[in-house]
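Visitor: One structure, pasted below without further comment.
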Amino acid sequence: MRPPSDRFALAAVLALAIAARLAVMVPAAGRPLGDPDNYLPLARALAEGRGFTLDGRPTAYRPPLYPLVLAPLIGLGRYVGLGILALHLALGLGTVALTALAVRRWG
């Protein structure tokens, strides 16, 4: 079991990570999502059963994992942007937590 000071430090770092992410995400929540790499159209094609296609043509230009993760969020309709922001918040927190675990383990 971790000492209370370790748990407090991890909680403080996670809280700071949440605050930093939300400081960027909240002002952007009402704006259209930028998608210069076309991940949303790929996710939409997957969600609609058209496979991994872009403009109706099969593509292997982008790696498939991120569009596969986004595809279920397409069903949120007009709330897809909020779903993506929540996903990014969770991924960011996971990154911070795993980094803290690695630092603790490897010193």
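Visitor: Which cross-chain or sequence-distant (5 or more) residues have an amide H under 5 Å from the amide H of L54, H modelled 1.01 Å from N in plane?
Guide: Under 5 Å from the amide H of L54: T59.
Visitor: If each of I18 and F52 carries a label point 7 Å out from its Cα toward its Cβ, how far apart are those two points in nm?
Guide: The two pseudo-label positions are separated by 3.6 nm.
Visitor: Just need the relative contact order of the chain here, percent rounded to a whole number, with Cα pairs under 8 Å and 6+ apart.
Guide: Relative contact order of the chain: 31 percent.
Visitor: Okay, moving on. How high is the FRET efficiency from A29 to T95, r the C-beta distance, R0 22 Å, rounded to 0.05?
Guide: 0.55
All of the numbers you see were taken from the coordinates with simple rules; none came from a lab. Here the structure is a predicted model, which is why all the values come from computation and not from measurement. Positions of Cβ are backbone-derived with ideal geometry, glycine not excepted, and every protein chain shown enters the neighbour counts.
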